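Asker: Just passing along the structure, written as structure tokens.
The values are calculated or read from the model by the stated rules, or taken from the named source; none is laboratory data. Predicted model only: the values in this text are computed from it and were never measured. Here the Cβ positions follow ideal geometry from the backbone for every residue, glycine too, while neighbour counts run over all protein chains shown. Remember, those area values only see protein heavy atoms, side chains included, never the ligands or the DNA or RNA. Shrake-Rupley method; radii C 1.70, N 1.55, O 1.52, S 1.80 Å.
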Amino acid sequence: PVADVNVIALGDNGGLSGSRFSAVETDSGRYFLKHMSIEHDFLMMASNDVQCRSVTLWQYGLLDELRPFTAHKILGCARAGDGWAILMEDLQEALFSDNRPFTMDHFFKFLDALARLHAAFWDDARLADPALGLMDTASRAAFCSPLIAERYRPCTHSPLPDWIIGGWQVLPDLVPAEAYRQIRDLILEPQPLVDALARYPCTLTHGDYRQANLADDGGRCVVFDWQMAASTLMTAYLAWYMHSEFEISTAFGFENVIAGYRERLETYLQSCFADSEWQEMVDLGFAAHAQRIITVPAFWAVTAEAPEDRENFRREVESLAHYVMKAA
């Protein structure tokens with residue numbers, strides 16, 4: 001029973017989408033509330049999320065199917081005015097921070113959870129249900145287009161449109177001319193990449209699987225913020241995770257991380273991929289990831305304050321450009 005409620009709007013919370021967050025203090029515990037509306041949330045605008053896929057995945061029970069290996073911590077969802085609201089358990093003590101760093105052990109623990117997620121929904125026909133409103137390969141490919149960013153920049157307080165547009169402007173100075181032309185062509189006309197990805201099975205992908213959306217609750221993996229969830233090739237989001245934790249991936253070796261993920265995925269699927277098939281899925285998935293995200297690290301490669309940060313972002317841009325050229 002709850003007799004007393006105090007809702008506290010949160011200011012700087014690290015969110016990039018434009019969503020609003022509140023702490024909910026009650027006499028029976030503390031909770032976390034996220035408010036989303038396509039009227040001001042850039043991620044929802046750019047991905048045409050008119051149904052709020054973070055809610056529909058919970059509403060139709062798909063997130064519950066991740067148990068027991070992954071928890072979502074959602075207590076309830078609601079339609080709220082012109083948007084939606086998600087009430088969650090308070091994860092403050094389970095989140096990663098400077099005082100609770102994301103270690104290499106965490107990296108591989110969540111890599112295993114990622115493989116389990118992809119295996120659980122491998123080639124699952126339910127993912128095509130329009131009631132879920134998941135992103136597909138085509139909408140993913142267009143998401144970080146500078147044209148999309150320009151269209152929605154006046155409507156949101158999110159910094160992402162400025163990053164995308166700024167990164168696009170400096171990209172020709174950061175990658176070889178041939179790579180720039182290939183990236184530009186895929187942004188303007190992604191259909192060749194979409195068609196190539198369609199040759200392989202889709203699965204449920206989180207959309208933003210990185211440290212900021214992960215937590216360790218007493219040894220159990222917690223994954224939240226499913227706003228960019230998609231039905232697409234799994235290697236695109238293996239690439240997302242690896243580049244989000246670029247230093248760990250580099251230290252361990254990209255090929256070793258990919259091999260470890262493959263071993264876990266094949267174990268959970270109870271089937272093996274042919275080496276040629278696997279390599280093509282890796283090449284296509286990593287190219288799709290690069291085409292989607294490359295403008296953001298390009299922006300920071302010239303604007304980050306610390307020289308070492310600019311250098312790290314430059315290395316990431318070079319790596320992403322290589323993926324696009326390899327799959328061309």
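Asker: Considering every residue within the range 134-150, establish whether at least one is at pLDDT 85 or above, under 22 Å from Tyr261 (Cα atoms) and buried (at least 23 other Cβ atoms within 10 Å of the Cβ).
Answerer: No: zero hits.
Asker: What number of residues in the range 203-223 are open to solvent by less than 10 Å² (accessible area, probe 1.4 Å) and in a loop (DSSP other than H, G, I, E, B)?
Answerer: 3
Asker: Another question about this same structure. Taking the range 176-202 as the search range and keeping residues that are modelled with pLDDT under 85 and aliphatic (A, V, I, L, M), which one is surrounded by the most Cβ atoms within 10 Å (Cβ to Cβ)?
Answerer: Looking at residues that are modelled with pLDDT under 85 and aliphatic (A, V, I, L, M), I get Leu186.
Asker: Mind checking whether some residue in the range 79-97 is of a type in the set (Val, Ile, Thr), on the phi < 0 side of the Ramachandran plot and within 19 Å of the chain's Cα centre (by Cα)?
Answerer: Checked the range 79-97: at least one residue is of a type in the set (Val, Ile, Thr), on the phi < 0 side of the Ramachandran plot and within 19 Å of the chain's Cα centre (by Cα).
Asker: Just to be sure I understand, how many residues within the range 37-46 are within 14 Å of Asp208 (Cβ to Cβ) and hydrophobic (A, V, I, L, M, F, W, C)?
Answerer: 4
Asker: Oh, and also: So, in the range 56-73, how many residues would count as being assigned to a helix (DSSP H, G or I), open to solvent by 10 Å² or more (accessible area, probe 1.4 Å) and touching a residue at least 24 places away in the same chain (Cβ under 8 Å)?
Answerer: Total meeting the criteria: 2.
Asker: Taking the range 23-41 only, how many residues are open to solvent by less than 30 Å² (accessible area, probe 1.4 Å) and in a loop (DSSP other than H, G, I, E, B)?
Answerer: Residues meeting the conditions: 2.
Asker: Please give the helices (runs of 4 or more DSSP H) falling wholly within the range 242-328 in which 3 or more residues are modelled with pLDDT under 95, over 25 Å from Phe96 (Cβ atoms) and open to solvent by 70 Å² or more (accessible area, probe 1.4 Å). Spell out the reasoning first.
Answerer: Details: elements: 246-252, 254-269, 275-293, 295-303, 307-327.
Result: 307-327.
Asker: Within the range 216-237, which residues are out of contact with any Lys or Arg (no Cβ under 7 Å at 6 or more places or on another chain), within 30 Å of Leu75 (Cβ to Cβ) and of a type outside the set (Asp, Glu)?
Answerer: Those that are out of contact with any Lys or Arg (no Cβ under 7 Å at 6 or more places or on another chain), within 30 Å of Leu75 (Cβ to Cβ) and of a type outside the set (Asp, Glu): Gly218, Gly219, Arg220, Val223, Met228, Ser231, Met234, Tyr237.
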